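K.L.:
Submitted below is the structure of interest, expressed as structure tokens.
The values are calculated or read from the model by the stated rules, or taken from the named source; none is laboratory data. These numbers were taken from a predicted model, which means no experiment stands behind them. Here the Cβ is made from the backbone with ideal geometry for all residues, glycine too, and neighbour counts use every protein chain on show. The area values use the complete protein model at the heavy-atom level, side chains included, leaving out ligands, DNA and RNA. Shrake-Rupley method; radii C 1.70, N 1.55, O 1.52, S 1.80 Å.
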Amino acid sequence: MCGIAGIMYKDSRSTGLAPIGAELIKMLETMVHRGHDSAGVTVAGESLDSDLLIRIWADESAPAEETIARAKETVISEGGAIVSADARDSYLRLTANYEGDVPRLAEALLQTPGVVLHSIGEASEVIKDVGTPAVMDERHGISRLSGTHGVGHVRMATESKVDISHAHPFWAYPFTDVTVVHNGQLTNYHGMKREFESRGHVFQTENDSELIAVYLADKLAGGAELVSALEASLDDLDGTFTYLVSTRDGMGYAKDRWSAKPLVLMETGSVVALASEEIALRSVFTEELDRTEPQEHEVMTWSA
Amino acid sequence: MVSLDASELTTRELNRRIKASIEEGADEIVIKNPSARHNIAVGVRRPCKITIEGSVGYYAASQLDGPEISIEGNAGWALGENLMSGKITLSKSAGASVAASMRGGEIFIGGSAGARAGISMKGGTLLIAGDSGFLTGFMMQKGRIIVCGDIGDAAGDSMYEGTIYVGGVVDSLGTDAKYEESTEDELIELWAELERNGVAGRPRFRKIVSQKKLYHYDTLERLERTLI
């Protein structure tokens, strides 16, 4: 079934960074009845002391330490200067200074054996794992992360396998900071995937939700504004979908023409919060609140 | 009057306490702090006045037969699913599929309703003071949906029987739906219904019914045909 959540603080310039990690985990924990095989978040608007934040997972094809060492070498050989490298289990969180072309670096990392590229961002990162949000939080310390906004997901796998990389969010490779979480299933996935692959796009998994990330990346590469890309997706994607997208400075949603998958939205002068169910919003905003329910064939974006 | 604080109870405990209180003679129950949780006040089959002070999640007040429930807030999906008899009043707005498979009684929505309102209704009345969403009355079999405001696309799609009245704009009719003239008597009855629920205004409701061209129950089975 899947559950999605998103939150954005509009005035962090004056109020400082918000506990985005902790709040996303709270929201996701209330929705584990919608899915508990995997979870993931994008924490965005982080304060970094480097150009880029790269999140990599080492797959089972080789020992993790070797893959992680190779990934670091790749960054260096592409001209990056590593500022920090935090390796835990099969995960690598790397911050680096890099003045080159990000798509080049991304491709080089993808070509590195064993590397699965979860995200490259200037101010955001994707953290995803199997298990519940609480388990993920314990393993990755998500509740300690601050930012300006973020999106999250709990998964009930329906079309593809359960493993770390098939969890959401999916990164719109190679666009820094653009990530997607999706509730629903896409019925024209295979056809569109073949078409995108023939045009040189890369799919790292067999998850149909990854198509949304690739689709948005394709539109953005063609010069489209995010909101136009979301609007176009309403007609180009077939199936059921409510999805949230997180970008460097903001977020947005798209709802399919069938109004098949739920979404509630709360917006005040200082915050925007979205989730599959109101109970998620109430985990952060505990008093009675005013919220609306976006209807079918609709998109909206917010930027800080 | 019995007061229950939902924040101190699991959903199962809450629903058990509601039923137990009615067994013990309570004719009025107040539920505090529902916090938009799912499955609140389900399966109550005895008359009782229940007030829920706050928003509820999915399947609130579903599978009821007899109670009168008033909810002060919003509801998620499938409010009042399978209502057999009794009354549900929601002060604000309902999500998708309100009154799904409703068989009797009445549901009043003070705000608006989402997509698929009254899906597969089999009786009773669903009254919506505001607007109603996409595919309202989808596969309706019986009963009455009254929308005082506007109604979304595909209104009355694939209806068997039943009637949808719309006071405002109809975005589009669904498959096999058609308009019919409301009689003056019908309008007077509808206005009385509005007044009973504190809804102002007397819209000249448009009526949507089934064309009955999609299904053919007079068609013989293949084997039957060979016998004739």
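K.L.:
Looking only at the stretch B:117-126, how many residues end up being in a loop (DSSP other than H, G, I, E, B) and away from every other protein chain (no Cβ under 14 Å)?
P.N.:
Of the residues in that region, 3 qualify.
K.L.:
Checking the condition over 17 Å from A:T30 (Cβ atoms) and of a type in the set (S, T, Y), which residue from B:S7, B:S35, B:S70 passes? Step through it out loud before you land on a result.
P.N.:
On the way: B:S7 fails: over 17 Å from A:T30 (Cβ atoms); B:S35 fails: over 17 Å from A:T30 (Cβ atoms).
After ruling out the rest, the residue left standing is B:S70.
K.L.:
Just give me the residues in the stretch B:63-94 being crowded, with 24+ Cβ neighbours inside 10 Å and closer than 18 Å to B:K122 by Cβ, in sequence order.
P.N.:
B:L64, B:A78, B:L79, B:G80, B:L83, B:G86, B:I88
K.L.:
Return a yes/no flag: does the stretch A:40-63 have any residue that is farther than 23 Å from A:V271 by Cβ, open to solvent by 10 Å² or more (accessible area, probe 1.4 Å), without any contact (Cβ under 8 Å) to a residue 40 or more places away in the chain and not in a loop (DSSP other than H, G, I, E, B).
P.N.:
no
K.L.:
Restricted to the stretch B:133-148, and to residues that are within 14 Å of chain A (Cβ to nearest Cβ) and open to solvent by 10 Å² or more (accessible area, probe 1.4 Å), which residue is farthest from B:S85 (Cα to Cα)?
P.N.:
In this case the residue turns out to be B:F134.
K.L.:
Then there's this: Need pairs with beta-carbon distance below 7 Å; first residue in contact (Cβ under 8 Å) with a residue 24 or more places away in the chain and within the stretch A:286-300, second open to solvent by 50 Å² or more (accessible area, probe 1.4 Å) and in a loop (DSSP other than H, G, I, E, B); sequence gap 6+ or separate chains.
P.N.:
Sorted first by the residue in the stretch A:286-300, then by its partner, the pairs are A:E296/A:R257; A:E296/A:W258; A:H297/A:R257.
K.L.:
While we're here: Taking the criterion of being away from every other protein chain (no Cβ under 14 Å) and closer than 24 Å to A:I127 by Cα, would at least one residue in the stretch A:253-265 satisfy it?
P.N.:
yes
K.L.:
So, of the residues in the stretch B:102-116 that are assigned to a strand (DSSP E or B) and either free of Cβ contacts under 8 Å to residues at least 40 places away in the same chain or acidic (D, E) (or both), which turns out to be farthest from the other protein chains (Cβ to nearest Cβ)?
P.N.:
Among residues in the stretch B:102-116 that are assigned to a strand (DSSP E or B) and either free of Cβ contacts under 8 Å to residues at least 40 places away in the same chain or acidic (D, E) (or both), the one farthest from the other protein chains (Cβ to nearest Cβ) is B:E106.
K.L.:
For the stretch A:57-78, does any single residue satisfy the condition of being touching a helix residue (DSSP H, G or I) at 6+ places or on another chain (Cβ under 6 Å) and closer than 25 Å to A:N183 by Cβ?
P.N.:
Yes, because at least one residue in the stretch A:57-78 is touching a helix residue (DSSP H, G or I) at 6+ places or on another chain (Cβ under 6 Å) and closer than 25 Å to A:N183 by Cβ.
K.L.:
Next up: Identify, please: which residue in the stretch B:172-192 is within 16 Å of B:F108 (Cα to Cα) and touching a Lys or Arg at 6+ places or on another chain (Cβ under 9 Å) and is, among those, least open to solvent (accessible area, probe 1.4 Å)?
P.N.:
B:L190
K.L.:
While we're on this one: Among the residues of the stretch A:193-213, which ones are in contact (Cβ under 8 Å) with a residue 24 or more places away in the chain and part of a helix (DSSP H, G or I)?
P.N.:
A:E210, A:L211, A:I212, A:A213
K.L.:
Can you name the residue in the stretch A:266-295 that is surrounded by fewer than 21 Cβ atoms within 10 Å (Cβ to Cβ) and farther than 21 Å from A:A18 by Cβ and, of all such residues, is farthest from the other protein chains (Cβ to nearest Cβ)?
P.N.:
Among them, the one singled out is A:P294.
K.L.:
Of a type in the set (V, I, T), modelled with pLDDT of 95 or more and under 17 Å from the mean Cα position of the chain (by Cα): does that describe A:V272?
P.N.:
Considered against the rule, which asks whether it is of a type in the set (V, I, T), modelled with pLDDT of 95 or more and under 17 Å from the mean Cα position of the chain (by Cα), A:V272 comes out as no.
K.L.:
Continuing with the same structure: Looking at B:A129, is it away from chain A (no Cβ under 14 Å), within 25 Å of A:P294 (Cβ to Cβ), in contact (Cβ under 8 Å) with a residue 24 or more places away in the chain and open to solvent by 20 Å² or more (accessible area, probe 1.4 Å)?
P.N.:
So B:A129 passes the test.
K.L.:
Considering A:V75, A:V83, which residue is part of a helix (DSSP H, G or I) and either modelled with pLDDT under 95 or under 16 Å from A:E125 (Cβ atoms) (or both)?
P.N.:
A:V75
K.L.:
While we're on this one: Any residue at all in the stretch B:16-31 that is among the charged types (D, E, K, R), without any contact (Cβ under 8 Å) to a residue 60 or more places away in the chain and within 14 Å of chain A (Cβ to nearest Cβ)? Before the answer, list the steps.
P.N.:
Within the stretch B:16-31, the subset among the charged types (D, E, K, R) is B:16-17, B:19, B:23-24, B:27-28.
The next check asks that each one be without any contact (Cβ under 8 Å) to a residue 60 or more places away in the chain; those that pass are B:16-17, B:19, B:23-24, B:27-28.
From the residues that got through so far, the ones that are within 14 Å of chain A (Cβ to nearest Cβ) too are none.
For the stretch B:16-31, residues among the charged types (D, E, K, R), without any contact (Cβ under 8 Å) to a residue 60 or more places away in the chain and within 14 Å of chain A (Cβ to nearest Cβ): absent.
K.L.:
Test A:H153 against the stated conditions and say whether it is assigned to a loop (DSSP other than H, G, I, E, B), farther than 14 Å from A:L53 by Cβ and open to solvent by less than 10 Å² (accessible area, probe 1.4 Å).
P.N.:
Spelling it out, it is not the case that A:H153 is assigned to a loop (DSSP other than H, G, I, E, B), farther than 14 Å from A:L53 by Cβ and open to solvent by less than 10 Å² (accessible area, probe 1.4 Å).
K.L.:
Is it true that A:I120 is open to solvent by less than 50 Å² (accessible area, probe 1.4 Å), under 19 Å from A:G3 (Cβ atoms) and assigned to a strand (DSSP E or B)?
P.N.:
no
K.L.:
For the subset of the stretch A:238-261 comprising residues that are assigned to a loop (DSSP other than H, G, I, E, B) and not basic (K, R), which member is most open to solvent (accessible area, probe 1.4 Å)?
P.N.:
Top of the filtered list is A:W258.
K.L.:
Every residue in the stretch B:158-171 that is open to solvent by 20 Å² or more (accessible area, probe 1.4 Å) and either acidic (D, E) or at positive phi (or both), please.
P.N.:
Result: B:S158, B:E161, B:D171.
K.L.:
OK, next. Could you list, in sequence order, all residues of the stretch B:182-216 that are at pLDDT 95 or above and among the charged types (D, E, K, R)?
P.N.:
B:E184, B:D185, B:E186, B:E189, B:E193, B:E195, B:R196, B:R202, B:R204, B:R206, B:K207
K.L.:
Quick check on my filter: what residues within the stretch B:36-56 are within 10 Å of another protein chain (Cβ to nearest Cβ) and open to solvent by less than 10 Å² (accessible area, probe 1.4 Å)?
P.N.:
B:A36, B:G54, B:S55, B:V56, listed by residue number.
K.L.:
Another question, if that's okay. Taking the stretch A:158-191 only, how many residues are in contact (Cβ under 8 Å) with a residue 24 or more places away in the chain, open to solvent by 30 Å² or more (accessible area, probe 1.4 Å) and farther than 18 Å from A:S246 by Cβ?
P.N.:
So the answer is 8.
K.L.:
Being of a type in the set (D, E, K, R), in a strand (DSSP E or B) and farther than 20 Å from A:D249 by Cβ narrows it down to one residue among A:D129, A:D235; which is it? Steps first, answer last, please.
P.N.:
Numbers: A:D235 fails: in a strand (DSSP E or B).
Going through A:D129, A:D235 in turn, just one is of a type in the set (D, E, K, R), in a strand (DSSP E or B) and farther than 20 Å from A:D249 by Cβ: A:D129.
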